[in-house]
1. If you take the residues of segment A:150-175 that are surrounded by fewer than 24 Cβ atoms within 10 Å (Cβ to Cβ) and among the aliphatic types (A, V, I, L, M), which of them is modelled with the highest pLDDT?
2. Mind telling me which of the residues A:Gly338, A:Gly355, A:Gly346 ends up being in contact with a Pro (Cβ under 8 Å, 6 or more places away or on another chain) and either within 16 Å of ligand 2 (Cβ to nearest atom) or among the small types (Gly, Ala, Ser) (or both)?
3. So B:Val190 fits all but one of (1) open to solvent by less than 10 Å² (accessible area, probe 1.4 Å); (2) in a strand (DSSP E or B); (3) within 21 Å of B:Leu89 (Cβ to Cβ); what number is the exception?
4. Please enumerate the residues belonging to segment B:1-29 that are within 21 Å of A:Leu205 (Cα to Cα) and open to solvent by 20 Å² or more (accessible area, probe 1.4 Å).
5. Yes or no: A:Thr517 touching a residue at least 24 places away in the same chain (Cβ under 8 Å) and in the same structural domain as A:Phe686 (by TED's automatic domain parsing)?
6. Checking the conditions here, which among A:Gln579, A:Gln614 is more than 21 Å from A:Met480 (Cα to Cα) and surrounded by 15 or more Cβ atoms within 10 Å (Cβ to Cβ)?
7. Any idea how many residues of segment B:125-156 are in a loop (DSSP other than H, G, I, E, B) and either of a type in the set (A, V, I, L, M, F, W, C) or in contact with a Phe, Trp or Tyr (Cβ under 9 Å, 6 or more places away or on another chain) (or both)?
8. Residue by residue through segment B:166-178, note down the ones that are under 21 Å from the mean Cα position of the chain (by Cα) and free of Cβ contacts under 8 Å to residues at least 24 places away in the same chain.
Amino acid sequence: MPMRQQNPQERIRNFFEVALGYSKEDAQKEAERCLLCKEPLCVQGCPVEIDIPAFIKLLREDKPQEALSKIKEKNNLPAVCGRVCPQEDQCEGRCILNKKKVPINIGALERYAADYGKVHSQKGLSASDHRLSIKIAVVGSGPAGLTAAADLAKMRYSVTLFESLHVPGGVLSYGIPEFRLPKEIVHEEIAAIKNLGVELKTDILIGKTFSLVDLFEAGYKAIFLGLGAGLPQFMGIPGENLDRVYSANEFLTRVNLMRAYKFPEFKTPVSIGKKIAVIGGGNVAFDSARCGARLGSQVSIIYRRGEAEMPARHEEIQNAKEEGITFQLLTQPVKIIGLDTGFVSGVECVKMQLGDPDSSGRRRPVAIAGSNFVLDADTVIIAIGQTPNPLLAKVTPELKTTPRGTVIIDKNYMTSIHGVFAGGDITTGADTVIAAMGAGKRAARAIDHYIKKVESRMAEIKKTTIQDILSLKNKRKITMLTAYDYPLALLVDRAGIDMILVGDSLANVVLGLDSTTKVGMNEMLHHAKAVSRAVTHSLVIGDMPYESYQLNPGKTVENAKRFIEEARCDCVKLEWFDQCLEVTEKTISSGVSVMGHIGLTPQTADKLGGFKVQGKDAQAAQKLIDQARALENAGCFAIVLECVPDKIAEIITQKLTIPTIGIGAGMSCDGQVLVTHDMLGLFERFTPKFVKKYLDLGPLILKAIEEYKNDVLQKRFPGQEHSFSIKNEELIKLKT
Amino acid sequence: MFRIIKKETMAQGITALTITAPEIAAKAKAGHFVVVVAKENSERIPLTIANTDKTAGDITLIFQEVGFSTKELGLLNVGEHLEHLLGPLGTATHIENYGTVICIGGGVGIAEVWPVAKAMKEAGNRVIGILGARSRDYIILEDQLSLICGELFITTDDASYGRKGLVTDSLRGLLQAVEKSTHTQYPELVYAVGPVVMMKAVSELTKEYHIKTMVSLNPIMLDGTGMCGSCRVSVAGKVMFACVDGPEFDGHLVDFLELQKRLNSFKEKEACLNIACPRKT
Ligand SMILES: Cc1cc2nc3c(=O)[nH]c(=O)nc-3n(C[C@H](O)[C@H](O)[C@H](O)COP(=O)(O)OP(=O)(O)OC[C@H]3O[C@@H](n4cnc5c(N)ncnc54)[C@H](O)[C@@H]3O)c2cc1C
Ligand SMILES: Cc1cc2nc3c(=O)[nH]c(=O)nc-3n(C[C@H](O)[C@H](O)[C@H](O)COP(=O)(O)OP(=O)(O)OC[C@H]3O[C@@H](n4cnc5c(N)ncnc54)[C@H](O)[C@@H]3O)c2cc1C
Ligand code: SF4
Ligand code: FES
């Protein structure tokens, strides 16, 4: 059932909406016709897959508010889409009843639900609701930008919407005329989006006022570009710069955005004569033509193919005919003729005939030689298409575009610039409102994924603190490895290991000494500095060498501070010894965090009777438990348990509130530590039982070195590719 | 909303407004312009950024009241606001050390040439100024420009100040002097802003001498961002959008006649607005 309309004689004199919409009775009658198909074809035709039968059923039950909510699950702008979507090509075109040419008027029902359901204010977030501190910039406030902004705001991002014009809405505001889409509806939709907490900033041209770099520097974590296709195309024929020759964009912007039809109440003029020729056959041409008619002129549309080939909506073509607009079909302008004053006086055209189909499948129009004629016209509006405005791409060479000027995106809507997304007409060229909205929606989801990925990576590379280590107890296992130099520390850090120990095992595995007690402060600091330079994530622990505290308890604090201040370590580790509690307390009260170390303490291994598992009998085990408790009380943030029976380690781990880090102490400890050289198989001399070799690097390196040796001996290295050359003539000069 | 913090009458019908607009000020360079919407129902009109104070975050616009919109703007006072302000727009002037640059301003074009002269001077050029106006009262910014220009020549139509005649008379005098002299040189660049006829005359003269000449065009604009084509001009036979490709172009390649005609597009309509103007003149 068609909607009621203003009658043509009347509407041609005003800019009020042409289609008047359904009354409640109309809507129910139309809803009754719906078969509520189990496998609805209409839904397949809808680019955003609105559950059409479900909302129609709600309308039948006279529940327009619920019907609207149902639509809004998929479509943020139903009042707009109900009016401007090409339903005949989408849902209505697919409707099963269209087989008998009586499809359900889904557009009219969607519009009815939107107009009657809107009293019901939209639930959801509001501006005052809690937002994430993550800022996202959406540029361009057409359907693509509005949808992306709304969806991102619903995901609680802090969204700023930038628009270059002084009025938001994109084509909805500047292009589509009042009589098809009342601006009040657009403004209501925009108000609803602002209510979601989106901050709207008009009068900002991205590329001029701010560059994309400026936006990132201002803290925006991702940018969505919904800049549309705003660059008007001209034909390149003589006379196009005469007065009263307009691009459709200029004409429509003057009439719609600047409200020239209300001149002089609104101050922007549009100058037209009595006869307007509009060139083109799409929606843009028809909107221009129908505006022209309403401003009191006779309008003819010049189109190079036939009526059946016109890309405009069928409804618009019908409306235009009723409004007295005439068509010059199969006609191509070749020249615009002007007066001496500079104003237009006519359009020279040539007749066309349809030839073979072109790449788009439509038959290609070909000029009929000698068929030239002059069409009387004093105003010309060129509506042959728009492409994306090249302004931003011009100042942002990194933003890759196609030869047609559309911005290139990947399947996740990301442009050639990391963190910059795009969708809508800017990527597709002039398309439809619903296609732009769909792109905005999917891009919002892609941005959400992107942000989450970036954020989690950020969390990983965040510097680990003592607090982080403490909070990991009973949450997840803690990882710790040693490192003594820059390249290895880089790898350990990158792998996301929680703590790196610059251990006194330096003595054995790197310096070739036979006891850890033989390494001193200078060597330790030297290597700790190299490790600190490489680390961004892990907590770095400086291992206090024997001489720095056991030999000189009075110097403990001073030496601990050198690890922090000179080597940029985060804390130090002390092994248990007689005066351990005393020096630990002193060190901690001087502001340096301390990790304890009990069980097999290599620095005092001799006293313990060699490298042996500790705490094997009840008495020895009790001693270990007491030591651990005492260290916790002294203020240690973690304790290493070395070579302790797993059950004892388990008991200690349970009794302590601080984490235990085991090495040869079973799986119950809160974390594990190994000497990296051991687990990589780099240190061959001795491998304790508790080490798992993840890699046998030693033999691999050996093999490589032997190969090198043989290559050199047999003159296989270096080859040409490893050598530098000099020009032959220079060489000759040198020789002579 | 953009607050007006200073208003100054430069000459009868020529007003300077200083406006707080830190984001625009931060980016503004010589040759940039803004689009102004004075009130909610107003037109969008382009005006050159005549001066910028980057530390204070404000810009100064100097305009001549020629029709409704500029008169409406002239009625605004300190403390009031411009409804909308967009910028900086256009391609900034290419500034380099050319050697000698002659900067020519006609009428309110003096305000538009001021920032360019300043930037040329800062780049190390010797700047010669030629200012022209109807009469003495309409010569603006003379003090400011005399600080910048090594030599400053003034012409008035009615001989009330400086030399009687047009800016081209002074320019011709300078060029002829070089022609006769054995030790002086032609300027490397002539930069002219003013009425279309003036820019056309300057360009024709410098063409005879093969001196590179830039002019800043003032076609009718609407959005100022390259989406309407209202501002299109023909340069070397190619259609350019002055708001993004310009507004400066090589004066020897511009179709001034077409520009002049296109400026008449809305005359009829504008006349009807001027009757409704808030301050009937
Ligand atoms: C006259 C006309 C009639 C149409 N009729 C229909 C119809 O009936 N049905 C239909 O489905 N489709 C119709 N279309 C097509 C539809 O309007 C577009 O496909 C849709 O609007 C595209 O949406 P968008 O968000 O990608 O871009 P736009 O709607 O074009 O919005 C882009 C916005 O970005 C702003 N912008 C651009 N560059 C910048 C920048 N550098 N900085 C800040 N802001 C910027 C622009 O000012 C604009 O507001 C019509 C188009 C026109 C022109
Ligand atoms: C890039 C650019 C920078 C400009 N900078 C300045 C400036 O710094 N100071 C200044 O005073 N003016 C400047 N102008 C001109 C200014 O924009 C116009 O004077 C103004 O738009 C006229 O509007 P109106 O409603 O007051 O006059 P209208 O009633 O619209 O027009 C009055 C008369 O001015 C002519 N006119 C209309 N529009 C323009 C125009 N854009 N340029 C020239 N004449 C026009 C008309 O043909 C008419 O004869 C600039 C123009 C451009 C394009
Ligand atoms: S609108 Fe058409 S296709 Fe969709 S459910 Fe109703 S009858 Fe079936
Ligand atoms: S003013 Fe619209 S394109 Fe230049």
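The values are calculated or read from the model by the stated rules, or taken from the named source; none is laboratory data. Just so it is clear, the model here is predicted, and its values are computed rather than measured. FYI the Cβ positions are ideal-geometry reconstructions off the backbone, even for glycines, and counts take in every protein chain you see. Calculation scope for accessible area: heavy atoms of the full protein, side chains included, ligands and nucleic acids excluded. Shrake-Rupley method; radii C 1.70, N 1.55, O 1.52, S 1.80 Å.
1. A:Val167
2. Values: A:Gly338 fails: in contact with a Pro (Cβ under 8 Å, 6 or more places away or on another chain); A:Gly346 fails: in contact with a Pro (Cβ under 8 Å, 6 or more places away or on another chain).
Being in contact with a Pro (Cβ under 8 Å, 6 or more places away or on another chain) and either within 16 Å of ligand 2 (Cβ to nearest atom) or among the small types (Gly, Ala, Ser) (or both) holds for just one of A:Gly338, A:Gly355, A:Gly346, which is A:Gly355.
3. That leaves (3) as the condition not met.
4. B:Met1, B:Phe2, B:Arg3, B:Thr20, B:Pro22, B:Glu23, B:Ala26, B:Lys27, B:Lys29
5. Values: touching a residue at least 24 places away in the same chain (Cβ under 8 Å): yes; in the same structural domain as A:Phe686 (by TED's automatic domain parsing): yes.
The answer is yes for A:Thr517.
6. On the way: A:Gln579 fails: surrounded by 15 or more Cβ atoms within 10 Å (Cβ to Cβ).
The match here is A:Gln614.
7. Step one: list which residues in segment B:125-156 are in a loop (DSSP other than H, G, I, E, B), which gives B:125, B:134-135, B:139-141, B:149-150.
Filter once more, so that each one left must be either of a type in the set (A, V, I, L, M, F, W, C) or in contact with a Phe, Trp or Tyr (Cβ under 9 Å, 6 or more places away or on another chain) (or both): B:125, B:135, B:139-141, B:149.
Qualifying residue count for the region: 6.
8. B:Asp169
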